[in-house]
Amino acid sequence: MSTPRGASLLHEPRLNKSTAFNKDEREAFGLLGLLPEGIDDLETQLRRAMAQLDAKTTDLERYIYLSQLQDTDETLFYRVLVSDPARFLPLVYTPTVGEACLRFGHIMRRSRGLYLSVERRGRVREVLRNWPERDVRFIVVTSGERILGLGDLGANGMGIPIGKLSLYTAVGGVPPEYTLPVLVDSGTNNETLLADPLYLGLRRPRAPREELDAFVEEFVTAVQAEFPKCCIQFEDWAGPDAVRLLARYRDRVCCFNDDIQGTAAVALAGVLAALRITGGRLADQRFLFFGAGSAATGIAGLLSEALRREGLRDEDARSRIFLVDRRGLITRDRETIAEYQRPFAQARPAVTDLVTAIEELRPTALIGLSTVGGAFDRRVVGAMARVNERPMIFPFSNPTSHSECSAEDAYAWTDGRAVFASGSPYPPVRHGGRTLVPGQGNNVYIFPAIGMAVYATGARRVSDEMFVAAARGVAEEVTQSDLDVGLIFPPTSSIAGTELHAAVRVAEVVFDQGLAAVPRPPDLAAYVAAQAYVPRYRSLV
Ligand code: NAD
């Protein structure tokens, strides 16, 4: 494609440099007079963008500002993000993206990504061809039915693929031209949205499962045909859909589900780092999950894979993993057990009370994925502290109001002995004259690293072993000084380095498993690093 000229060039976010076009470029591309005479460099533009951001009074306004920047000058957008990831990740992704999704139809400026309506059945390939890039390597696709902890947000869910893919680039290093956000619009059952005149999606109840599955089949097949090197990341689908679609496609195409596998890997990373504090071996741990949905069973599956790699037999690994839901411990004699829970159903009497379960099962780690805020009360946390010198307490439910317990309570109720990490962020806590820093088990440690490894190696599949490797890579990046303050995840200020390290670990597995499309380079770390996107302007003349 030839470079556009004049105003068209200024409206092409991937090529636009705005005030940073130099004299020669202005002459060559018909830009004279279309820009002020002053010529900036990227750093000066960064300073201006920061000042404009500082003048905004809410995070949603900052989100809107950054979205507009992404739509006008992509390089500057990513330069802003990489300048301070700890500040900008929460603005382009959680928690601000949740608010942005709730108000998506109201804050809309310019459309981004592809909307695939189930009513276009039979025409998916045609729609994919409307995307201007021909070499797409990553699609993040959502049905918008389970957006973060916010439920069914219909077409408003598009904010999630957009945000996730920005992180693939900003912290993972995947060049943005290879990424495509997709929303499968199958209607919504959210009455508030259906009644909102500014809602932008299909105004109909959600399609039944058979219709959705047939459409996804057409979508996956069309992606293979149009973008044969593409990896599909399923994101924020309703739990049963997420589990079913992953099972259907994981061995057939290059794909993964971040809510299941990414969450699992980040939890495993937390456990591996926590063991450096507790001093235990992975093979000796016992895990009690409170909540037995897609996230919990995803973590349970990856933990059992990691335990097997420590030499445990399959059934021994599973006998150390306990799932508790609304009705108590999931046991084999329960009348109804979902297929994905069955591997972890225990051959023992039912227990309905969480404290009794802790006393009987003596878990070393308690992991909350129940969405029940405050479920780990003083009795529960106290029971963990009675059966462990250093109990691992991981309330992973989001948002903060759903968190099973706060960092402050976990430390207070264990006299500072808890090794704590949560799904939602908590500020540092003063306890017994020390400052303890709670970690956040954010999937952002994992999926950009998987993405970068898949991109760099041309991986044909995404395997569980790759997620175990990502988890190990992240845990290795936790320093002794992090552990000294109780922190079991690396700080987000240095996240790009963490992702690169994890991506190299994942890439090793891609080669070991024979899944790579390129020959193994002699220096894998240098090879991966050399392919990472760096936001800087390229000369056009
Ligand atoms: P889900 O709806 O599939 O599962 C929820 C589970 O909790 C179900 O098994 C349900 O039976 C159980 N549950 C509900 N009420 C309960 C009660 N009173 N007592 C015991 N069990 C109860 O949801 P999911 O996708 O598995 O996500 C669960 C939570 O995990 C959400 O809050 C989500 O935000 C969070 N999550 C966090 C991360 C992360 O921090 N990295 C990643 C994924 C999910």
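The values are calculated or read from the model by the stated rules, or taken from the named source; none is laboratory data. These numbers were taken from a predicted model, which means no experiment stands behind them. Using ideal geometry, Cβ is built from the backbone for each residue, glycine included, and neighbour counts are taken over all protein chains shown.
Is it the case that the stretch 313-334 has a residue that's at pLDDT below 95, closer than 23 Å to residue 247 by Cα and of a type in the set (A, V, I, L, M, F, W, C)? Looking through the stretch 313-334, none of the residues is at pLDDT below 95, closer than 23 Å to residue 247 by Cα and of a type in the set (A, V, I, L, M, F, W, C).
The rows are residues; the columns are (1) surrounded by 17 or more Cβ atoms within 10 Å (Cβ to Cβ); (2) within 25 Å of residue 319 (Cβ to Cβ); (3) touching a strand residue (DSSP E or B) at 6+ places or on another chain (Cβ under 7 Å); (4) in contact (Cβ under 8 Å) with a residue 60 or more places away in the chain.
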| position | (1), (2), (3), (4) |
| --- | --- |
| 359 | no, yes, no, no |
| 374 | no, no, no, no |
| 383 | yes, yes, no, no |
| 386 | no, yes, no, no |
| 389 | no, yes, no, yes |
| 394 | yes, yes, yes, yes |
| 397 | yes, no, yes, yes |
| 400 | no, no, no, no |
| 404 | yes, yes, yes, yes |
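Residue-by-condition table, conditions (1) surrounded by fewer than 24 Cβ atoms within 10 Å (Cβ to Cβ); (2) closer than 24 Å to residue 130 by Cα; (3) acidic (Asp, Glu); (4) in contact (Cβ under 8 Å) with a residue 40 or more places away in the chain:
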position	(1), (2), (3), (4)
150	yes, no, no, yes
164	no, yes, no, yes
175	yes, yes, no, yes
197	yes, no, no, no
200	yes, yes, no, yes
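For the stretch 226-258, the set of residues classified as over 22 Å from residue 207 (Cα atoms) and either within 11 Å of the ligand (Cβ to nearest atom) or not in a loop (DSSP other than H, G, I, E, B) (or both) consists of 226, 231, 255, 256, 258, listed by residue number. Any chance the stretch 461-473 includes a residue that's surrounded by 24 or more Cβ atoms within 10 Å (Cβ to Cβ), within 19 Å of residue 392 (Cα to Cα) and in contact with a Phe, Trp or Tyr (Cβ under 8 Å, 6 or more places away or on another chain)? There is no residue in the stretch 461-473 that is surrounded by 24 or more Cβ atoms within 10 Å (Cβ to Cβ), within 19 Å of residue 392 (Cα to Cα) and in contact with a Phe, Trp or Tyr (Cβ under 8 Å, 6 or more places away or on another chain). Checking each residue in the stretch 90-112 for being under 24 Å from residue 492 (Cα atoms) and in contact with a Leu (Cβ under 7 Å, 6 or more places away or on another chain) picks out 91, 92, 93, 94, 96, 98, 99, 100, 101. Of all residues in the stretch 439-473, exactly one satisfies the criterion of being assigned to a loop (DSSP other than H, G, I, E, B), among the polar types (S, T, N, Q) and under 24 Å from residue 149 (Cα atoms), namely 442.
When residues in the stretch 423-433 are screened for being touching a residue at least 24 places away in the same chain (Cβ under 8 Å) and assigned to a strand (DSSP E or B), 0 of them pass.
Report yes if some residue within the stretch 373-382 is more than 20 Å from residue 300 (Cβ to Cβ), within 12 Å of the ligand (Cβ to nearest atom) and within 25 Å of the chain's Cα centre (by Cα); otherwise report no. Scanning the stretch 373-382, I find at least one residue that is more than 20 Å from residue 300 (Cβ to Cβ), within 12 Å of the ligand (Cβ to nearest atom) and within 25 Å of the chain's Cα centre (by Cα), so the answer is yes.
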